[in-house]
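Taking it in order: structure first as structure tokens, then the write-up.
Any read-out appearing in this document is the output of simple, stated calculations on the displayed coordinates, not a laboratory observation. From a predicted model like this one, the values you see are computed outputs, not experimental measurements. For neighbour counting, all protein chains shown are included, and Cβ atoms are generated from backbone atoms with ideal geometry for every residue, glycine included.
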Amino acid sequence: MRFVVAASSDAVVQECRRALGHVPGTAFRTGSVPETGAGCDAAVLNSPLAHERYGGVPRIGSVQVLLNQRGDGAPGVILATAPMAVGAAVADPGDDEIASHVSQTLASCVAAFVEAFPDRADGACVLVHLEGAGIDREDIAVTLKGLLRFLERE
């Protein structure tokens, strides 16, 4: 499986490239989800955004695979992240908790894609747009730590 890591800021994308550029099968793009999703089979989007744009009803703790029928330039498959139950979020998470959350979120989204499309999994390309996926942070180093954990396991 291949991955496109994207963000709306070129400076953030450059940081991503510096931290993750050595990982095979990883590309980097700058722009919105529709601008960066060309050639991608799926995109990871945070649950509220995904369900608002592409339908479905959020289910606590479950990634949902949604089909993009809007023709809006985003990939054809939307992987809506699993919403957390009220009280499940840590009030002031540390860097390691945030990095683990990023890694686990992406792993669960990819697992849902593989389960839904087992015949497409090997050659698939998944867009991880930092803002779209809801994993962007002011301190991008923490997000990148989680992304690296995820990508090195894939």
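A few notes on this one:
- Calculated FRET value between Ile60 and Asp139, using beta carbons and R₀ = 35 Å, to 0.05: 0.80
- Other-chain or far-sequence residues with amide H under 5 Å of Ser8's (modelled H): Gly31, Glu131
- Taking Asp122, Asp136, Asp41 as the candidate residues, the one with maximal mean-square fluctuation in a Gaussian network model of the chain, Cα springs under 10 Å, is Asp122.
- Diagonalising the gyration tensor over the Cα atoms of the chain and scaling each eigenvalue by 5 before taking the square root yields semi-axes of 21, 20, 15 Å, largest first.
- Think of segment 20-154 as a dipole: +1 on every Lys or Arg Cβ, -1 on every Asp or Glu Cβ, centred on the Cα centre; then among Gly56, Leu106, Ala38, Gly56 lies furthest on the positive end.
- Here the calculated FRET efficiency for Met84 and Arg153, from their Cβ-Cβ distance with R0 = 25 Å, stands at 0.70, rounded to the nearest 0.05.
- Other residues whose C-beta falls under 12 angstrom from the C-beta of Ser47 contribute a net charge of +1, scoring Lys and Arg +1 and Asp and Glu -1.
- Summing charges over all other residues whose Cβ lies under 14 Å from the Cβ of Val102, with Lys and Arg as +1 and Asp and Glu as -1, gives -4.
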